[in-house]
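The values are calculated or read from the model by the stated rules, or taken from the named source; none is laboratory data. Nothing here was measured: the structure is a model prediction, and the numbers come from that model. For neighbour counting, all protein chains shown are included, and Cβ atoms are generated from backbone atoms with ideal geometry for every residue, glycine included.
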Amino acid sequence: MHSSFLLLPFLPAALAARPFLNEPTTGIDEALANTPAGTLPDLQGIVGLPDFDWAARRYMNVSDYTYYRNGAAGEWSYRNNLEAYNRFRLRPRMMVDVTNIESTLPTTILGHNFSAPFFISPCSRGGLAHPDAEKNFVRAAGAENILYIPAFFATLSMEEIAAEKPSNDSQTLFQQVYLSSNDTETQQLFDRIEGLGTKAIVFTVDSAADGNRHRAARYGVGSADSSYTYITWDYYNKLQNMTSLPVIPKGIQSVEDVKLAIEHGAPAVFLSNHGGRQLDGSPSALEVALEIYEEDPQLFRQIEIYADGGVRYGADVLKLLALGVRAVGLGRPFMYANTYGVEGVQRAIQLLKREIAIDAGNLGVPDLKAIDASYVKWVNNGWYS
Ligand SMILES: Cc1cc2nc3c(=O)[nH]c(=O)nc-3n(C[C@H](O)[C@H](O)[C@H](O)COP(=O)(O)O)c2cc1C
Ligand SMILES: *[C@@H]1O[C@H](CO)[C@@H](O)[C@H](O)[C@H]1NC(C)=O
Ligand SMILES: *[C@@H]1O[C@H](CO)[C@@H](O)[C@H](O)[C@H]1NC(C)=O
Ligand SMILES: *[C@@H]1O[C@H](CO)[C@@H](O)[C@H](O)[C@H]1NC(C)=O
Ligand SMILES: *[C@@H]1O[C@H](CO)[C@@H](O)[C@H](O)[C@H]1NC(C)=O
Ligand SMILES: *[C@@H]1O[C@H](CO)[C@@H](O)[C@H](O)[C@H]1NC(C)=O
(Lines give C-alpha, C1' and ligand atoms only; values in the text may rest on other atoms or scores of the structure.)
(Ligands and ions follow the chains in the order given, each with its own letter.)
Protein backbone atom coordinates (compact mmCIF):
# COMPACT_ATOMS: atom_id res chain seq x y z
CA MET A 1 0.00 0.00 0.00
CA HIS A 2 1.25 3.50 -0.83
CA SER A 3 2.39 5.26 2.33
CA SER A 4 0.10 8.26 1.80
CA PHE A 5 -2.94 6.01 2.40
CA LEU A 6 -1.59 5.29 5.86
CA LEU A 7 -1.43 9.02 6.58
CA LEU A 8 -4.95 9.80 5.40
CA PRO A 9 -6.75 9.15 8.71
CA PHE A 10 -4.45 11.68 10.40
CA LEU A 11 -4.97 14.41 7.84
CA PRO A 12 -7.93 16.18 9.50
CA ALA A 13 -6.05 16.32 12.79
CA ALA A 14 -2.97 17.69 11.06
CA LEU A 15 -5.04 20.43 9.42
CA ALA A 16 -6.83 21.27 12.63
CA ALA A 17 -3.48 21.66 14.32
CA ARG A 18 -2.58 24.52 12.01
CA PRO A 19 -5.22 27.25 12.26
CA PHE A 20 -4.46 30.45 10.40
CA LEU A 21 -3.02 33.09 12.69
CA ASN A 22 -3.29 36.70 11.53
CA GLU A 23 -0.22 37.27 13.65
CA PRO A 24 1.91 34.43 15.01
CA THR A 25 1.71 34.08 18.80
CA THR A 26 4.78 35.77 20.22
CA GLY A 27 3.36 36.77 23.59
CA ILE A 28 1.89 40.18 22.81
CA ASP A 29 -1.52 39.22 24.26
CA GLU A 30 0.05 38.44 27.62
CA ALA A 31 2.51 41.35 27.63
CA LEU A 32 0.05 44.06 26.58
CA ALA A 33 -3.17 42.54 27.94
CA ASN A 34 -4.03 45.64 29.97
CA THR A 35 -4.31 47.92 26.91
CA PRO A 36 -7.87 49.34 27.04
CA ALA A 37 -9.89 49.26 23.78
CA GLY A 38 -9.56 52.54 21.91
CA THR A 39 -6.05 53.23 23.23
CA LEU A 40 -2.59 52.34 21.97
CA PRO A 41 0.08 50.48 23.94
CA ASP A 42 3.33 52.35 24.50
CA LEU A 43 5.29 52.46 21.22
CA GLN A 44 8.32 50.93 22.95
CA GLY A 45 6.18 47.83 23.57
CA ILE A 46 5.94 47.30 19.80
CA VAL A 47 8.77 44.92 18.95
CA GLY A 48 7.95 43.85 15.37
CA LEU A 49 5.73 44.82 12.45
CA PRO A 50 2.88 42.36 13.22
CA ASP A 51 2.46 44.13 16.58
CA PHE A 52 1.17 47.22 14.76
CA ASP A 53 -1.77 45.15 13.44
CA TRP A 54 -2.56 44.02 17.01
CA ALA A 55 -2.42 47.62 18.22
CA ALA A 56 -4.49 49.08 15.36
CA ARG A 57 -7.17 46.39 15.77
CA ARG A 58 -7.81 47.56 19.33
CA TYR A 59 -7.39 51.26 18.66
CA MET A 60 -9.39 51.83 15.46
CA ASN A 61 -13.13 51.27 15.24
CA VAL A 62 -14.24 48.11 13.49
CA SER A 63 -15.22 49.66 10.14
CA ASP A 64 -12.02 51.69 9.79
CA TYR A 65 -9.84 48.74 10.82
CA THR A 66 -11.75 46.49 8.41
CA TYR A 67 -11.02 48.83 5.50
CA TYR A 68 -7.29 48.33 6.09
CA ARG A 69 -7.42 44.66 7.01
CA ASN A 70 -9.77 43.23 4.38
CA GLY A 71 -8.83 40.87 1.57
CA ALA A 72 -10.84 39.55 -1.38
CA ALA A 73 -13.54 36.89 -0.88
CA GLY A 74 -12.40 34.08 1.48
CA GLU A 75 -9.06 35.87 1.91
CA TRP A 76 -7.08 32.83 0.73
CA SER A 77 -4.68 35.10 -1.17
CA TYR A 78 -4.39 37.46 1.81
CA ARG A 79 -3.39 34.52 4.01
CA ASN A 80 -1.19 32.98 1.31
CA ASN A 81 0.72 36.26 1.03
CA LEU A 82 1.62 35.97 4.72
CA GLU A 83 2.33 32.24 4.68
CA ALA A 84 4.21 31.84 1.38
CA TYR A 85 7.55 33.02 2.82
CA ASN A 86 7.66 30.16 5.31
CA ARG A 87 7.27 27.48 2.64
CA PHE A 88 10.93 28.00 1.78
CA ARG A 89 13.69 27.38 4.29
CA LEU A 90 16.78 29.54 4.48
CA ARG A 91 20.25 28.04 3.92
CA PRO A 92 22.43 29.94 6.40
CA ARG A 93 26.20 30.00 5.80
CA MET A 94 28.61 30.16 8.72
CA MET A 95 32.14 31.57 9.11
CA VAL A 96 31.40 34.59 6.94
CA ASP A 97 32.45 38.14 7.88
CA VAL A 98 29.12 39.96 8.15
CA THR A 99 30.34 42.86 10.30
CA ASN A 100 29.75 45.41 7.52
CA ILE A 101 26.25 44.25 6.58
CA GLU A 102 24.51 47.41 7.83
CA SER A 103 26.52 49.61 5.48
CA THR A 104 25.28 47.57 2.51
CA LEU A 105 21.54 48.23 2.94
CA PRO A 106 21.46 51.39 0.76
CA THR A 107 20.29 50.88 -2.81
CA THR A 108 18.93 52.74 -5.81
CA ILE A 109 15.43 52.60 -7.19
CA LEU A 110 15.29 53.86 -10.79
CA GLY A 111 18.56 55.67 -10.07
CA HIS A 112 17.39 57.38 -6.86
CA ASN A 113 19.40 56.74 -3.69
CA PHE A 114 17.68 55.25 -0.66
CA SER A 115 18.91 53.92 2.68
CA ALA A 116 17.24 50.51 2.36
CA PRO A 117 15.66 48.20 -0.25
CA PHE A 118 12.08 48.64 0.98
CA PHE A 119 9.41 51.29 0.58
CA ILE A 120 5.93 52.36 1.64
CA SER A 121 3.41 50.92 -0.85
CA PRO A 122 0.46 53.06 -1.97
CA CYS A 123 -2.57 52.62 0.29
CA SER A 124 -5.74 54.73 0.20
CA ARG A 125 -7.22 56.60 3.15
CA GLY A 126 -4.31 57.17 5.52
CA GLY A 127 -6.59 59.52 7.46
CA LEU A 128 -8.50 56.64 9.05
CA ALA A 129 -5.54 55.94 11.34
CA HIS A 130 -4.34 59.46 12.15
CA PRO A 131 -5.51 63.05 11.59
CA ASP A 132 -2.22 63.96 9.85
CA ALA A 133 -2.92 61.11 7.42
CA GLU A 134 -0.28 60.78 4.65
CA LYS A 135 1.87 63.62 6.03
CA ASN A 136 3.27 61.07 8.48
CA PHE A 137 4.44 58.81 5.65
CA VAL A 138 6.25 61.68 3.91
CA ARG A 139 7.94 62.77 7.15
CA ALA A 140 8.94 59.29 8.29
CA ALA A 141 10.11 58.18 4.82
CA GLY A 142 12.08 61.45 4.52
CA ALA A 143 13.68 61.12 7.94
CA GLU A 144 14.66 57.50 7.23
CA ASN A 145 15.45 58.10 3.54
CA ILE A 146 13.22 55.42 2.08
CA LEU A 147 10.81 55.69 -0.85
CA TYR A 148 7.15 56.53 -0.28
CA ILE A 149 4.55 56.06 -3.03
CA PRO A 150 1.37 58.01 -2.15
CA ALA A 151 -1.92 56.48 -3.32
CA PHE A 152 -4.24 58.21 -5.78
CA PHE A 153 -7.09 57.81 -3.27
CA ALA A 154 -5.09 59.21 -0.36
CA THR A 155 -6.95 61.21 2.28
CA LEU A 156 -4.85 64.28 1.42
CA SER A 157 -4.43 65.79 -2.05
CA MET A 158 -1.21 65.24 -4.01
CA GLU A 159 -0.38 68.89 -3.40
CA GLU A 160 -0.84 68.59 0.38
CA ILE A 161 1.35 65.48 0.40
CA ALA A 162 4.10 67.07 -1.74
CA ALA A 163 4.08 70.14 0.52
CA GLU A 164 5.43 67.96 3.36
CA LYS A 165 8.68 67.31 1.48
CA PRO A 166 11.73 69.36 2.60
CA SER A 167 11.83 72.65 0.69
CA ASN A 168 15.21 71.77 -0.90
CA ASP A 169 13.36 68.96 -2.74
CA SER A 170 15.81 66.33 -1.44
CA GLN A 171 13.05 63.74 -0.98
CA THR A 172 11.98 61.42 -3.80
CA LEU A 173 8.32 60.42 -4.09
CA PHE A 174 6.64 58.28 -6.77
CA GLN A 175 2.86 58.66 -7.32
CA GLN A 176 0.35 55.80 -7.72
CA VAL A 177 -2.56 56.41 -10.11
CA TYR A 178 -5.86 54.96 -11.19
CA LEU A 179 -6.97 56.42 -14.52
CA SER A 180 -10.29 57.28 -16.11
CA SER A 181 -11.08 56.82 -19.80
CA ASN A 182 -10.85 60.60 -20.29
CA ASP A 183 -7.38 61.27 -21.78
CA THR A 184 -7.71 65.02 -21.19
CA GLU A 185 -8.09 64.34 -17.48
CA THR A 186 -5.19 61.88 -17.54
CA GLN A 187 -2.96 64.46 -19.25
CA GLN A 188 -3.93 67.06 -16.63
CA LEU A 189 -3.19 64.56 -13.85
CA PHE A 190 0.21 63.67 -15.29
CA ASP A 191 1.10 67.37 -15.67
CA ARG A 192 0.14 67.97 -12.02
CA ILE A 193 2.32 65.03 -10.92
CA GLU A 194 5.32 66.29 -12.93
CA GLY A 195 4.78 69.79 -11.57
CA LEU A 196 5.08 68.50 -8.00
CA GLY A 197 8.56 67.12 -8.65
CA THR A 198 7.41 63.50 -8.42
CA LYS A 199 9.93 61.12 -9.97
CA ALA A 200 7.80 58.24 -11.33
CA ILE A 201 4.19 57.21 -11.92
CA VAL A 202 3.05 53.85 -10.55
CA PHE A 203 0.07 52.73 -12.62
CA THR A 204 -2.04 50.08 -10.88
CA VAL A 205 -3.06 47.51 -13.52
CA ASP A 206 -4.45 44.74 -11.28
CA SER A 207 -7.83 46.39 -10.71
CA ALA A 208 -9.51 46.35 -14.12
CA ALA A 209 -12.62 45.14 -12.28
CA ASP A 210 -13.96 45.72 -8.76
CA GLY A 211 -12.39 43.76 -5.88
CA ASN A 212 -14.66 41.06 -4.43
CA ARG A 213 -14.44 42.08 -0.76
CA HIS A 214 -16.70 40.23 1.65
CA ARG A 215 -15.21 41.45 4.94
CA ALA A 216 -15.34 45.07 3.75
CA ALA A 217 -18.87 44.74 2.38
CA ARG A 218 -20.20 44.12 5.88
CA TYR A 219 -19.28 47.70 6.76
CA GLY A 220 -19.72 49.32 3.34
CA VAL A 221 -15.97 49.97 3.03
CA GLY A 222 -15.21 48.21 -0.29
CA SER A 223 -12.80 49.26 -3.02
CA ALA A 224 -12.54 52.83 -4.22
CA ASP A 225 -12.52 51.98 -7.93
CA SER A 226 -15.62 49.94 -8.75
CA SER A 227 -15.95 50.33 -12.55
CA TYR A 228 -14.50 48.16 -15.34
CA THR A 229 -11.43 49.99 -16.59
CA TYR A 230 -9.76 49.85 -20.01
CA ILE A 231 -6.15 48.81 -19.34
CA THR A 232 -4.06 47.27 -22.17
CA TRP A 233 -0.42 47.40 -23.29
CA ASP A 234 -1.41 49.73 -26.19
CA TYR A 235 -2.97 52.04 -23.64
CA TYR A 236 0.18 51.77 -21.53
CA ASN A 237 2.26 52.94 -24.53
CA LYS A 238 -0.12 55.83 -25.03
CA LEU A 239 0.41 56.84 -21.39
CA GLN A 240 4.18 56.75 -21.83
CA ASN A 241 3.73 59.36 -24.58
CA MET A 242 1.84 61.63 -22.18
CA THR A 243 4.65 62.08 -19.66
CA SER A 244 8.41 62.28 -19.41
CA LEU A 245 8.24 60.29 -16.15
CA PRO A 246 8.78 56.53 -16.02
CA VAL A 247 5.46 54.67 -15.79
CA ILE A 248 5.68 51.51 -13.66
CA PRO A 249 2.91 48.89 -13.98
CA LYS A 250 1.85 47.70 -10.50
CA GLY A 251 0.07 44.39 -10.05
CA ILE A 252 2.03 42.16 -12.49
CA GLN A 253 1.45 38.48 -11.59
CA SER A 254 3.07 36.28 -14.26
CA VAL A 255 6.36 35.94 -16.12
CA GLU A 256 4.50 36.43 -19.42
CA ASP A 257 3.44 39.90 -18.33
CA VAL A 258 6.97 40.74 -17.19
CA LYS A 259 8.18 39.90 -20.72
CA LEU A 260 5.38 41.98 -22.26
CA ALA A 261 6.31 44.87 -19.97
CA ILE A 262 9.88 44.68 -21.27
CA GLU A 263 8.63 44.54 -24.88
CA HIS A 264 6.52 47.63 -24.24
CA GLY A 265 9.42 49.59 -22.82
CA ALA A 266 8.56 49.54 -19.12
CA PRO A 267 11.52 50.68 -16.98
CA ALA A 268 10.38 48.55 -14.05
CA VAL A 269 7.50 46.32 -12.96
CA PHE A 270 5.87 45.94 -9.58
CA LEU A 271 4.80 42.39 -8.64
CA SER A 272 1.72 42.56 -6.42
CA ASN A 273 -1.68 41.02 -5.90
CA HIS A 274 -2.83 44.22 -4.18
CA GLY A 275 -2.36 42.72 -0.75
CA GLY A 276 -4.83 39.94 -1.66
CA ARG A 277 -7.59 42.56 -1.97
CA GLN A 278 -8.59 42.14 -5.63
CA LEU A 279 -8.69 38.54 -6.87
CA ASP A 280 -8.84 35.69 -4.39
CA GLY A 281 -6.65 32.87 -5.70
CA SER A 282 -4.08 35.24 -7.19
CA PRO A 283 -0.45 34.36 -6.38
CA SER A 284 1.78 36.00 -3.81
CA ALA A 285 4.63 38.14 -5.16
CA LEU A 286 7.09 35.55 -3.84
CA GLU A 287 5.49 32.85 -6.01
CA VAL A 288 5.58 35.16 -9.05
CA ALA A 289 9.21 36.12 -8.39
CA LEU A 290 10.06 32.39 -8.21
CA GLU A 291 8.20 31.78 -11.49
CA ILE A 292 10.27 34.55 -13.12
CA TYR A 293 13.49 33.17 -11.64
CA GLU A 294 12.76 29.64 -12.85
CA GLU A 295 11.94 30.88 -16.36
CA ASP A 296 14.93 33.24 -16.69
CA PRO A 297 16.86 34.88 -13.81
CA GLN A 298 18.23 37.45 -16.29
CA LEU A 299 14.81 39.11 -16.39
CA PHE A 300 15.63 40.63 -12.99
CA ARG A 301 18.56 42.42 -14.66
CA GLN A 302 16.70 43.58 -17.77
CA ILE A 303 14.35 45.78 -15.74
CA GLU A 304 13.96 46.61 -12.08
CA ILE A 305 11.41 44.35 -10.39
CA TYR A 306 9.71 45.42 -7.15
CA ALA A 307 7.36 43.26 -5.09
CA ASP A 308 4.89 43.55 -2.22
CA GLY A 309 2.36 41.54 -0.22
CA GLY A 310 2.61 39.95 3.21
CA VAL A 311 6.12 41.20 4.00
CA ARG A 312 6.35 41.39 7.80
CA TYR A 313 9.90 40.28 8.72
CA GLY A 314 13.46 40.94 7.64
CA ALA A 315 13.72 37.36 6.40
CA ASP A 316 10.70 37.87 4.09
CA VAL A 317 12.57 40.76 2.45
CA LEU A 318 15.70 38.60 2.09
CA LYS A 319 13.79 35.83 0.27
CA LEU A 320 12.51 38.30 -2.34
CA LEU A 321 15.91 39.97 -2.74
CA ALA A 322 17.52 36.51 -3.10
CA LEU A 323 15.56 35.92 -6.31
CA GLY A 324 16.60 39.28 -7.75
CA VAL A 325 13.82 41.62 -6.57
CA ARG A 326 15.30 45.10 -6.29
CA ALA A 327 13.05 46.60 -3.62
CA VAL A 328 10.15 45.40 -1.50
CA GLY A 329 6.96 47.25 -0.53
CA LEU A 330 4.81 47.07 2.59
CA GLY A 331 1.25 48.33 2.84
CA ARG A 332 -0.71 47.38 5.94
CA PRO A 333 2.18 47.44 8.45
CA PHE A 334 2.75 51.14 7.72
CA MET A 335 -0.98 51.92 7.67
CA TYR A 336 -1.36 50.33 11.11
CA ALA A 337 1.83 52.01 12.38
CA ASN A 338 0.31 55.35 11.40
CA THR A 339 -2.10 55.05 14.36
CA TYR A 340 0.94 56.33 16.31
CA GLY A 341 1.60 59.10 13.79
CA VAL A 342 5.04 59.83 12.40
CA GLU A 343 6.84 58.18 15.35
CA GLY A 344 5.03 54.90 14.68
CA VAL A 345 5.83 54.91 10.97
CA GLN A 346 9.44 55.76 11.71
CA ARG A 347 9.67 52.98 14.29
CA ALA A 348 8.27 50.51 11.75
CA ILE A 349 10.97 51.55 9.27
CA GLN A 350 13.71 51.26 11.91
CA LEU A 351 12.51 47.85 13.10
CA LEU A 352 12.53 46.49 9.54
CA LYS A 353 15.95 47.95 8.73
CA ARG A 354 17.36 46.25 11.81
CA GLU A 355 15.66 42.93 11.05
CA ILE A 356 16.99 42.94 7.49
CA ALA A 357 20.52 43.58 8.75
CA ILE A 358 20.56 41.02 11.59
CA ASP A 359 18.75 38.36 9.55
CA ALA A 360 21.20 38.85 6.67
CA GLY A 361 24.05 38.62 9.18
CA ASN A 362 22.79 35.36 10.62
CA LEU A 363 22.19 34.08 7.09
CA GLY A 364 25.88 34.64 6.38
CA VAL A 365 25.39 37.38 3.77
CA PRO A 366 28.44 39.70 3.85
CA ASP A 367 26.90 42.29 1.48
CA LEU A 368 23.17 42.63 0.86
CA LYS A 369 23.88 43.28 -2.86
CA ALA A 370 25.55 39.85 -3.01
CA ILE A 371 22.52 37.89 -1.82
CA ASP A 372 21.42 35.32 -4.37
CA ALA A 373 19.06 32.38 -4.75
CA SER A 374 21.54 29.95 -3.13
CA TYR A 375 20.62 31.33 0.32
CA VAL A 376 17.16 29.75 0.13
CA LYS A 377 16.08 26.16 -0.48
CA TRP A 378 13.48 26.68 -3.20
CA VAL A 379 11.53 23.54 -2.39
CA ASN A 380 8.18 23.65 -0.66
CA ASN A 381 9.02 22.40 2.82
CA GLY A 382 5.47 21.39 3.65
CA TRP A 383 4.77 24.23 6.02
CA TYR A 384 1.64 26.06 4.95
CA SER A 385 1.32 24.08 1.73
C1 LIG B 1 -5.88 49.86 3.07
C2 LIG B 1 -5.22 49.57 1.77
C3 LIG B 1 -5.44 50.41 0.69
C4 LIG B 1 -4.82 50.18 -0.52
N5 LIG B 1 -5.01 51.06 -1.55
C6 LIG B 1 -4.32 50.87 -2.71
C7 LIG B 1 -4.45 51.82 -3.76
O8 LIG B 1 -5.18 52.80 -3.65
N9 LIG B 1 -3.73 51.61 -4.89
C10 LIG B 1 -2.91 50.52 -5.05
O11 LIG B 1 -2.27 50.37 -6.09
N12 LIG B 1 -2.79 49.61 -4.06
C13 LIG B 1 -3.46 49.76 -2.90
N14 LIG B 1 -3.31 48.85 -1.90
C15 LIG B 1 -2.36 47.73 -2.08
C16 LIG B 1 -0.96 48.12 -1.60
O17 LIG B 1 -0.35 49.03 -2.47
C18 LIG B 1 -0.04 46.90 -1.49
O19 LIG B 1 0.01 46.26 -2.75
C20 LIG B 1 -0.47 45.90 -0.42
O21 LIG B 1 -0.95 46.57 0.73
C22 LIG B 1 0.72 45.01 -0.05
O23 LIG B 1 0.34 44.03 0.87
P24 LIG B 1 0.55 44.16 2.45
O25 LIG B 1 -0.51 45.06 2.96
O26 LIG B 1 0.41 42.76 2.93
O27 LIG B 1 1.94 44.71 2.68
C28 LIG B 1 -3.96 49.06 -0.67
C29 LIG B 1 -3.75 48.21 0.41
C30 LIG B 1 -4.36 48.46 1.63
C31 LIG B 1 -4.08 47.53 2.77
C1 LIG C 1 23.79 58.52 -4.92
O2 LIG C 1 24.82 57.76 -4.33
C3 LIG C 1 26.00 57.71 -5.12
C4 LIG C 1 26.96 56.72 -4.49
O5 LIG C 1 27.01 56.92 -3.11
C6 LIG C 1 26.57 59.12 -5.24
O7 LIG C 1 27.72 59.10 -6.05
C8 LIG C 1 25.52 60.02 -5.87
O9 LIG C 1 25.98 61.35 -5.89
C10 LIG C 1 24.20 59.96 -5.11
N11 LIG C 1 23.20 60.68 -5.85
C12 LIG C 1 22.44 61.63 -5.30
C13 LIG C 1 21.45 62.27 -6.19
O14 LIG C 1 22.53 61.94 -4.11
C1 LIG D 1 -15.37 54.99 12.89
O2 LIG D 1 -14.62 56.18 12.93
C3 LIG D 1 -14.83 57.00 11.79
C4 LIG D 1 -13.86 58.16 11.90
O5 LIG D 1 -12.56 57.72 11.56
C6 LIG D 1 -16.26 57.45 11.71
O7 LIG D 1 -16.48 58.21 10.55
C8 LIG D 1 -17.16 56.22 11.68
O9 LIG D 1 -18.51 56.61 11.75
C10 LIG D 1 -16.84 55.30 12.86
N11 LIG D 1 -17.59 54.07 12.70
C12 LIG D 1 -18.12 53.41 13.73
C13 LIG D 1 -18.82 52.14 13.39
O14 LIG D 1 -18.02 53.81 14.88
C1 LIG E 1 17.39 69.13 2.65
O2 LIG E 1 16.67 69.48 3.80
C3 LIG E 1 16.54 68.43 4.74
C4 LIG E 1 15.57 68.85 5.83
O5 LIG E 1 15.83 70.17 6.22
C6 LIG E 1 17.95 68.07 5.26
O7 LIG E 1 17.85 67.03 6.22
C8 LIG E 1 18.78 67.61 4.08
O9 LIG E 1 20.10 67.35 4.51
C10 LIG E 1 18.81 68.66 2.97
N11 LIG E 1 19.42 68.03 1.82
C12 LIG E 1 20.21 68.70 1.00
C13 LIG E 1 20.76 67.92 -0.17
O14 LIG E 1 20.49 69.88 1.16
C1 LIG F 1 -12.83 65.02 -20.19
O2 LIG F 1 -12.31 65.85 -19.16
C3 LIG F 1 -12.26 67.21 -19.55
C4 LIG F 1 -11.51 67.94 -18.41
O5 LIG F 1 -12.10 67.67 -17.17
C6 LIG F 1 -13.69 67.73 -19.76
O7 LIG F 1 -13.64 69.09 -20.13
C8 LIG F 1 -14.35 66.89 -20.83
O9 LIG F 1 -15.70 67.26 -20.97
C10 LIG F 1 -14.26 65.41 -20.52
N11 LIG F 1 -14.71 64.63 -21.67
C12 LIG F 1 -15.68 63.74 -21.57
C13 LIG F 1 -15.99 62.99 -22.83
O14 LIG F 1 -16.26 63.49 -20.53
C1 LIG G 1 3.94 57.70 -29.19
O2 LIG G 1 4.59 58.78 -29.82
C3 LIG G 1 5.37 58.39 -30.94
C4 LIG G 1 6.14 59.59 -31.43
O5 LIG G 1 5.32 60.69 -31.54
C6 LIG G 1 4.46 57.79 -32.00
O7 LIG G 1 5.22 57.34 -33.10
C8 LIG G 1 3.71 56.61 -31.40
O9 LIG G 1 2.76 56.11 -32.33
C10 LIG G 1 3.00 56.99 -30.14
N11 LIG G 1 2.46 55.78 -29.51
C12 LIG G 1 1.24 55.68 -29.05
C13 LIG G 1 0.82 54.36 -28.51
O14 LIG G 1 0.48 56.64 -29.05
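Quick notes
- In the set GLU291, GLU295, GLU355, only one residue is more than 14 Å from the chain's Cα centre (by Cα) and more than 15 Å from GLN253 (Cα to Cα); that residue is GLU355.
- Of the helices (runs of 4 or more DSSP H) that lie entirely inside region 258-371, those containing 1 or more residues that are of a type in the set (A, V, I, L, M), free of Cβ contacts under 8 Å to residues at least 60 places away in the same chain and crowded, with 18+ Cβ neighbours inside 10 Å span 285-295, 299-302, 314-323.
- Of all residues in region 164-192 being at pLDDT below 95 and under 19 Å from SER223 (Cβ atoms), the one that is farthest from ligand 4 (Cβ to nearest atom): SER181
- Any hit, region 169-183, residues being in a loop (DSSP other than H, G, I, E, B), small (Gly, Ala, Ser) and more than 16 Å from ligand 6 (Cβ to nearest atom): yes
- Contacts under 6 angstrom Cβ, first residue in region 113-125 being more than 10 Å from PHE137 (Cβ to Cβ) and away from ligand 5 (no atom under 16 Å from the Cβ), partner basic (Lys, Arg) and modelled with pLDDT of 95 or more, 6 or more apart: ALA116/LYS353
- Of all residues in region 190-227, those being more than 16 Å from ligand 6 (Cβ to nearest atom), in a helix (DSSP H, G or I) and crowded, with 20+ Cβ neighbours inside 10 Å number 2.
- Looking only at residues of region 57-113 that are in contact with an Asp or Glu (Cβ under 8 Å, 6 or more places away or on another chain) and of a type in the set (A, V, I, L, M, F, W, C), we find that the one that is farthest from TYR219 (Cα to Cα) is ILE101.
- Filtered residues of region 136-158 (kept if touching a residue at least 60 places away in the same chain (Cβ under 8 Å) and away from ligand 4 (no atom under 15 Å from the Cβ)): ASN136, PHE137, LEU147, ILE149, PHE153
- Matching residues, region 230-256, being assigned to a helix (DSSP H, G or I) and either away from ligand 1 (no atom under 16 Å from the Cβ) or surrounded by fewer than 16 Cβ atoms within 10 Å (Cβ to Cβ) (or both): TRP233, ASP234, TYR235, ASN237, LYS238, GLN240, VAL255, GLU256
- Exclusive hit being within 22 Å of SER180 (Cβ to Cβ), away from ligand 4 (no atom under 16 Å from the Cβ), of a type in the set (S, T, N, Q) and at pLDDT 95 or above, set THR204, THR229: THR204
- When ALA72 is tested against the conditions (1) touching a Gly at 6+ places or on another chain (Cβ under 6 Å); (2) free of Cβ contacts under 8 Å to residues at least 40 places away in the same chain, the lone failure is (2).
- Screening PHE114, PHE153 for residues that are within 16 Å of ligand 1 (Cβ to nearest atom) and of a type in the set (A, V, I, L, M, F, W, C) leaves exactly one candidate, PHE153.
- In region 17-37, the residues that are under 20 Å from TYR313 (Cβ atoms) reach residues that are among the hydrophobic types (A, V, I, L, M, F, W, C) and surrounded by 13 or more Cβ atoms within 10 Å (Cβ to Cβ) with C-beta atoms within less than 7 angstrom, at least six apart or across chains, in these pairs: GLU23/TRP54; ILE28/TRP54.
- So LEU179, is it farther than 18 Å from THR339 by Cα, of a type in the set (A, V, I, L, M) and away from ligand 2 (no atom under 16 Å from the Cβ): yes
- Criterion (more than 19 Å from the chain's Cα centre (by Cα) and either modelled with pLDDT under 95 or of a type outside the set (A, V, I, L, M, F, W, C) (or both)) met by exactly one of GLY211, GLY195: GLY195
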